[in-house]
């Protein structure tokens, strides 16, 4: 894996603008290459920062997008904790992605985390057309919690050692709600590009530990096998990074 690229912006607006240009370029390349753009989204603050500029972009062929979720809470799709609902309210309601190309958790299995993960695994296998090899996303967009978790991969959790599953489930998330499904590291690390969005001073210590001290928080274990790793962070989150780790100013 090559060194990650880190962009540091003065504000969420600047990061949103940079993400818009970044995603537009990846989308165009993927569509030219394969006729579609496969992207997985996480929750938290990422969807709102991502969509701030992107939802107004008329140059992207959103009809070719296939949208998945890097993780999801096992709640109804209209529940306040649903990552799908957050993505819908911030981005999906504003861009012409066909509903059949947005792959939410099966709402009928929302209270059955193991079955929900199994069903989502089958969705991936159907869309990516592979049974034996891990799927390769064009882009996986992730956030990072103040504890260093990403998707629903938490520090010290057994799922950090799952190298076989495509989609895993957990019923003991340390952050509520407890029941969730998540993409695993083998899937995340096979993406063509993984991009993190991390903002706010609460992330500064963790980023310093990941980049300067090599502490193996889950976010720091995202290391694409042959793809690119990019971080979009604000100045508050970058405050404790040792130069020249922060690669580019926005």
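All of the numbers you see were taken from the coordinates with simple rules; none came from a lab. Here the structure is a predicted model, which means the values were calculated and not measured. A quick note on method: Cβ atoms are made from the backbone with ideal geometry, for glycine too, and the neighbour counts reach across all protein chains shown.
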Can you work out which of the residues in the range 123-146 that are without any contact (Cβ under 8 Å) to a residue 12 or more places away in the chain and in a loop (DSSP other than H, G, I, E, B) is nearest to residue 37 (Cα to Cα)? 129
Residue 44 vs (1) under 30 Å from residue 79 (Cβ atoms); (2) part of a helix (DSSP H, G or I); (3) touching a residue at least 60 places away in the same chain (Cβ under 8 Å): all pass except (2)
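If I ask for residues that are part of a helix (DSSP H, G or I), more than 27 Å from residue 59 (Cα to Cα) and in contact (Cβ under 8 Å) with a residue 12 or more places away in the chain, which ones from the range 72-108 would you list?
Applying the first criterion (part of a helix (DSSP H, G or I)) to the range 72-108 yields 83-92, 99-101, 107-108.
Restricting the remaining residues to those that are more than 27 Å from residue 59 (Cα to Cα) gives 107-108.
Listed by number, the list holds a single entry, 107.
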Unique match (being touching a helix residue (DSSP H, G or I) at 6+ places or on another chain (Cβ under 7 Å) and on the phi < 0 side of the Ramachandran plot) among 31, 6: 31
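Would you check if residue 163 is in contact with a helix residue (DSSP H, G or I) (Cβ under 6 Å, 6 or more places away or on another chain) and in contact (Cβ under 8 Å) with a residue 60 or more places away in the chain?
Values: in contact with a helix residue (DSSP H, G or I) (Cβ under 6 Å, 6 or more places away or on another chain): yes; in contact (Cβ under 8 Å) with a residue 60 or more places away in the chain: no.
Taking the combined requirement at face value, the residue does not satisfy it.
Every residue, every condition in (1) more than 20 Å from residue 44 (Cα to Cα); (2) in contact with a strand residue (DSSP E or B) (Cβ under 6 Å, 6 or more places away or on another chain), yes or no:
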residue	(1), (2)
71	no, yes
76	no, no
79	no, no
83	no, yes
96	yes, no
128	yes, no
133	yes, no
139	no, yes
